[in-house]
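Structure, as structure tokens:
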Amino acid sequence: MPVKIADAAGSYTDDDFYNGTLYAVDHGADIVSCSLGGTPSSDIEAAVEYAYTNGVTVIAAAGNEYETGNPPQYPAAYDNYVIAVGATRYDETRAPYSNTGSYLDLVAPGGDLNLDQNGDGYEDGVLQQTYLGSFCDFSSVYAEGTSMAAPHVSGVAALLIANGVTDPNSIKAWLESTADDLGASGWDNDYGWGLVNAAAALHNIGGEDILLVDDDQGANYETYYKNALAANGYEYDFCHSPPGASLLLKYPVVIWLTGDDSTTTLTATNRANLQTYLDSGGKLFISGQHIGWDIRSTSFYHDYLHANYLWHGHHYNLIGVTGDPIGDGLTLSIVGGDGANNQNEPDEISPHDESASTVFDYVGTGYGTIKANTGTYKVVYFGFGFEGIDNAADRNTVMSRVVSWLIANIPPVAIAKSDHRYNNVGSKYPCTTYLNGSLSYDPDGYIVEYKWDFGDGEIGYGERVEHIYSTYNWVGGPSGHYEPFNVRLTVKDNGGYTDTLYIGK
């Protein structure tokens, strides 16, 4: 929807921006695209915060003042709420006018009217329809600016929303993670995370079984996870920053690392998104030496990581719990070697409830790793950083065992009984039988279907069923005999596995 906030001369106030943004949000906008900028303003900040907290993605031009001092432009520079977009020329280098700075997230084509780099005989602007001095005179013209770049990103964001990635955190994280890296490796002042890539963004959504989330505050510890995943042949998608729930929900397994962070390991927003993910049957591997120290008093720590925080100490050697599918037979060191050598005070933890069990114990004292299986979701929580394991062979083995346990599915067990079975001999028809499968169970999930084959050609569904037999089961010809029908119960779990039980002779 077009929301007009400026007058005929293009002038507007901060209050106009505030009212226009709230109007768009309150009338169903999914994206607010801003090709404008100026100085800091409490009204402008309040407007973009309102959009963000109401699930609306705000995308703004980074500004065209690089050659006149490069001042930060607002709302683009409100980095907590806005995706800031700079401009590139045809050759994908930064346009000379495009602002740079710590708030820059992405770049997109913005043009350069001083060049014809593609040799088509036209100046290298972005072709757009606009008015030519009169609102009655519209035409297609070439223009340049970050105001031309920002709508490219808004268009790709709209495509993401159409494909189920809906919240601002997910859209920002995914656009950044699928951008073409330009300039210095990783994020840089000139290009942010790189040039927006619509094809990559749309092609990769939920394309793999594993999403690796980098929440290590700008360090490069994700390399240890990437290498271990690759060594085991696991394909994965990667996020430079924590996404929202709509992206997490597209992945059966999420691996989340917090590195050395000790004060914002899992923010309230991150905890809420992970809670939604786990409640929907997710499988989480989370690793970080200060998670317990930071969020030990939260309900998420106790009720979703299923952990108690004991203390943070100086224990660097661990031994796997005998019989545990992840830890059995392994001894680990998290100091020295070719690991990250960043483990200064790893957390000592313990299981919070009966759904959790220990995986690795610190040698001489306490527990370093637990896993939990609630039947709805699974969690593996390392109270130390996986990146600290001191050799690649152990990291590869641990990663293989963690992922294998998370994705493993134990088949359900079918248990059935007849609450009443008729006597064929001398019985009268019709005859009613009551069948009960309520004692069936799934060790690592839940049963989604109870299917009954009553043996007389009829099928029924449900935990408990009632069936009326209108005939009998005669076996053996003229000299034969009556037999009960062979009833079959098949149960299916939430992972698609089945088990079948026969009730018959």
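The values are calculated or read from the model by the stated rules, or taken from the named source; none is laboratory data. Just so it is clear, the structure is predicted and the values come from calculations on it, not from any experiment. FYI the Cβ positions are ideal-geometry reconstructions off the backbone, even for glycines, and counts take in every protein chain you see. Heavy atoms of the whole protein, side chains included, go into the accessibility calculation; ligands, DNA and RNA do not. Shrake-Rupley method; radii C 1.70, N 1.55, O 1.52, S 1.80 Å.
Say whether the condition of being over 32 Å from the mean Cα position of the chain (by Cα), on the phi < 0 side of the Ramachandran plot and either touching a residue at least 40 places away in the same chain (Cβ under 8 Å) or buried (at least 19 other Cβ atoms within 10 Å of the Cβ) (or both) is met by at least one residue in the stretch 83-96. Checked against the condition, which is being over 32 Å from the mean Cα position of the chain (by Cα), on the phi < 0 side of the Ramachandran plot and either touching a residue at least 40 places away in the same chain (Cβ under 8 Å) or buried (at least 19 other Cβ atoms within 10 Å of the Cβ) (or both), the stretch 83-96 yields at least one hit.
Looking at the stretch 291-327, which of its residues are charged (D, E, K, R) and modelled with pLDDT of 95 or more? Residues satisfying the conditions are Asp294, Arg296, Asp303.
Can you confirm whether Ser11 is part of a strand (DSSP E or B) and either open to solvent by less than 70 Å² (accessible area, probe 1.4 Å) or out of contact with any Cys (no Cβ under 6 Å at 6 or more places or on another chain) (or both)?
Details: part of a strand (DSSP E or B): no; either open to solvent by less than 70 Å² (accessible area, probe 1.4 Å) or out of contact with any Cys (no Cβ under 6 Å at 6 or more places or on another chain) (or both): yes.
The answer is no for Ser11.
Within the stretch 426-465, the set of residues being open to solvent by 80 Å² or more (accessible area, probe 1.4 Å), at pLDDT below 90 and assigned to a loop (DSSP other than H, G, I, E, B) comprises Lys428, Pro430, Tyr446. Any chance the stretch 368-375 includes a residue that's of a type in the set (A, V, I, L, M), out of contact with any Cys (no Cβ under 9 Å at 6 or more places or on another chain), surrounded by 15 or more Cβ atoms within 10 Å (Cβ to Cβ) and closer than 28 Å to Thr264 by Cβ? Yes - at least one qualifying residue is present in the stretch 368-375. Quick check on my filter: what residues within the stretch 324-368 are farther than 23 Å from Ile407 by Cβ, of a type in the set (A, V, I, L, M) and either free of Cβ contacts under 8 Å to residues at least 40 places away in the same chain or not in a loop (DSSP other than H, G, I, E, B) (or both)? Across the stretch 324-368, the qualifying residue is only Ile349. Identify the residue in the stretch 480-501 that is over 22 Å from Val253 (Cα atoms) and in a loop (DSSP other than H, G, I, E, B) and, among all such residues, is nearest to the chain's Cα centre (by Cα). Across the stretch 480-501, the extreme among qualifying residues is Asn486. Annotation: of all residues in the stretch 14-33 being assigned to a helix (DSSP H, G or I) and open to solvent by 40 Å² or more (accessible area, probe 1.4 Å), the one that is nearest to Gly55 (Cα to Cα) is Asp26.
Set side by side, the residues Thr39, Thr57 differ, and just one is surrounded by 18 or more Cβ atoms within 10 Å (Cβ to Cβ) and in contact with a strand residue (DSSP E or B) (Cβ under 7 Å, 6 or more places away or on another chain), which is Thr57. Determine whether the stretch 304-325 contains at least one residue that is of a type in the set (A, V, I, L, M) and touching a His at 6+ places or on another chain (Cβ under 9 Å). The answer is yes; a qualifying residue exists. Candidates in the stretch 466-488 are the residues that are of a type outside the set (Val, Ile, Thr) and closer than 10 Å to Phe454 by Cβ; of these, the one that is modelled with the highest pLDDT is Arg488.
Taking the stretch 258-313 on its own, how many of its residues are more than 19 Å from His352 (Cβ to Cβ), under 21 Å from the mean Cα position of the chain (by Cα) and open to solvent by 50 Å² or more (accessible area, probe 1.4 Å)? Summing the residues that are more than 19 Å from His352 (Cβ to Cβ), under 21 Å from the mean Cα position of the chain (by Cα) and open to solvent by 50 Å² or more (accessible area, probe 1.4 Å) in the stretch 258-313 gives 7.
Cβ-Cβ contacts under 9 Å between residues 6 or more apart (or on different chains), taken from a first residue in the stretch 31-42 that is more than 14 Å from Ala149 (Cα to Cα) and at pLDDT 95 or above to a second residue that is part of a strand (DSSP E or B) and polar (S, T, N, Q), are listed as Ile31/Thr57; Val32/Thr57.
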